[in-house]
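A.B. asks: Sharing a structure with you now.
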Amino acid sequence: MKKATLLITVIFIGILTFSFLESNAQSGTMKSKNGFLLFYSSDSLNFTLRLDEPNTETPNWIDNNYLQLFKDRFYIQIIDRESMIKINAPAKDYLSMLQKWETDYIESTMKPSVKRTTFINDNNSIGLKFNDLKYNAWYYAVELNPGKLYFYFFDIYKNGHFIRITFNGSLDAARLFIPAILKGLLFYNKKIDIKKLQYSLKNDQYSYSE
């Protein structure tokens, strides 16, 4: 497990090196009747995430754009596209460019002694359907003694931002937990009105009309 933790740390450092947050962005956690409601709000990207109990850990915003759901296992990060990808890049390539950046980093930093699988696309296996949301699911695994540890990435692109979900554990667990989390994801067209959201929660509602 110590070896697994070290590998996880290496990957997260790589992600954080290019993260960028809009200066006026807000994020936070609200307690709800059945668990938690998390929010992220800026001029261009606004969403809430509903997490119903049971929760073995309290969600924790490590930074305004970096959310820890389960320590060393499950994280969500918001990344501004312009912080790493040229504006004139073809829109259809943004997600593949993010994946290439990540895979290049992994290959350049992981020690040759670590046995790693190839990078595998999982869009046909994750079991998610979005009509208006671009996403990319992929993973790799490292050999441990015993078994394998899977590093699973689910990248969403919306309004000039990436929402990166990172899960570390078994492949079956990743395919189970990520769709369950995304069922509680709701986007808003405007900056989130915190007072309206708080009022809705008091009345057992998890959203409000814009």
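The values are calculated or read from the model by the stated rules, or taken from the named source; none is laboratory data. What you are looking at is a predicted structure, and each value in this text was computed from that prediction instead of being measured. Here the Cβ positions follow ideal geometry from the backbone for every residue, glycine too, while neighbour counts run over all protein chains shown.
A.B. asks: If Asp52 satisfies all but one of (1) within 17 Å of the chain's Cα centre (by Cα); (2) under 21 Å from Gly169 (Cβ atoms); (3) at pLDDT 90 or above, what's the number of the condition it fails?
C.D. replies: Result: Asp52 passes all but (1).
A.B. asks: Evaluate the following for Ser19: is it small (Gly, Ala, Ser), farther than 26 Å from Asp204 by Cα, modelled with pLDDT under 90 and outside any strand (DSSP E or B)?
C.D. replies: The answer is yes for Ser19.
A.B. asks: Given the residues Tyr75, Tyr105, which is the only one that is touching a Ser or Thr at 6+ places or on another chain (Cβ under 6 Å) and of a type in the set (Phe, Trp, Tyr)?
C.D. replies: Tyr75
A.B. asks: Further, regarding this structure: Could you tell me which of the residues Ile126, Ile120, Ile76 is under 15 Å from the mean Cα position of the chain (by Cα), closer than 24 Å to Ala141 by Cβ and at pLDDT 95 or above?
C.D. replies: Going through Ile126, Ile120, Ile76 in turn, the sole match is Ile76.
A.B. asks: Another one. So which of Asn60, Asn65, Asn88 ends up being surrounded by 18 or more Cβ atoms within 10 Å (Cβ to Cβ) and either modelled with pLDDT of 90 or more or over 26 Å from Ser200 (Cβ atoms) (or both)?
C.D. replies: Exactly one of Asn60, Asn65, Asn88 is surrounded by 18 or more Cβ atoms within 10 Å (Cβ to Cβ) and either modelled with pLDDT of 90 or more or over 26 Å from Ser200 (Cβ atoms) (or both), namely Asn65.
A.B. asks: Assess whether Ile194 counts as being closer than 30 Å to Gly35 by Cα, surrounded by 13 or more Cβ atoms within 10 Å (Cβ to Cβ), in contact with a strand residue (DSSP E or B) (Cβ under 6 Å, 6 or more places away or on another chain) and of a type in the set (A, V, I, L, M, F, W, C).
C.D. replies: Criteria not met by Ile194.
A.B. asks: How about region 160-174: which of its residues are assigned to a helix (DSSP H, G or I) and surrounded by fewer than 19 Cβ atoms within 10 Å (Cβ to Cβ)?
C.D. replies: Leu171, Asp172, Ala173
A.B. asks: Quick one: Asp43 ticks every box in (1) in contact with a helix residue (DSSP H, G or I) (Cβ under 7 Å, 6 or more places away or on another chain); (2) modelled with pLDDT of 90 or more; (3) over 23 Å from Leu176 (Cα atoms) bar one, so which box is it?
C.D. replies: It fails just one condition, (1).
A.B. asks: Can you tell me which residue among Tyr208, Tyr135, Tyr157 is at pLDDT below 95, assigned to a loop (DSSP other than H, G, I, E, B) and closer than 27 Å to Met30 by Cβ?
C.D. replies: Tyr208
A.B. asks: Something else: Of the numbered conditions (1) under 24 Å from Tyr66 (Cα atoms); (2) out of contact with any Pro (no Cβ under 8 Å at 6 or more places or on another chain); (3) surrounded by 13 or more Cβ atoms within 10 Å (Cβ to Cβ), Thr109 fails exactly one; give the number of that condition.
C.D. replies: Among (1) under 24 Å from Tyr66 (Cα atoms); (2) out of contact with any Pro (no Cβ under 8 Å at 6 or more places or on another chain); (3) surrounded by 13 or more Cβ atoms within 10 Å (Cβ to Cβ), the lone unmet condition for Thr109 is (3).
A.B. asks: Against the definition (surrounded by 11 or more Cβ atoms within 10 Å (Cβ to Cβ), within 20 Å of Gly169 (Cα to Cα), under 18 Å from the mean Cα position of the chain (by Cα) and without any contact (Cβ under 8 Å) to a residue 24 or more places away in the chain), how does Asn136 come out, yes or no?
C.D. replies: no
A.B. asks: Check Asn145, Asn124 and return the single one that is under 28 Å from Thr56 (Cα atoms), among the polar types (S, T, N, Q), without any contact (Cβ under 8 Å) to a residue 40 or more places away in the chain and loosely packed, with under 13 Cβ neighbours inside 10 Å.
C.D. replies: Going through Asn145, Asn124 in turn, just one is under 28 Å from Thr56 (Cα atoms), among the polar types (S, T, N, Q), without any contact (Cβ under 8 Å) to a residue 40 or more places away in the chain and loosely packed, with under 13 Cβ neighbours inside 10 Å: Asn145.
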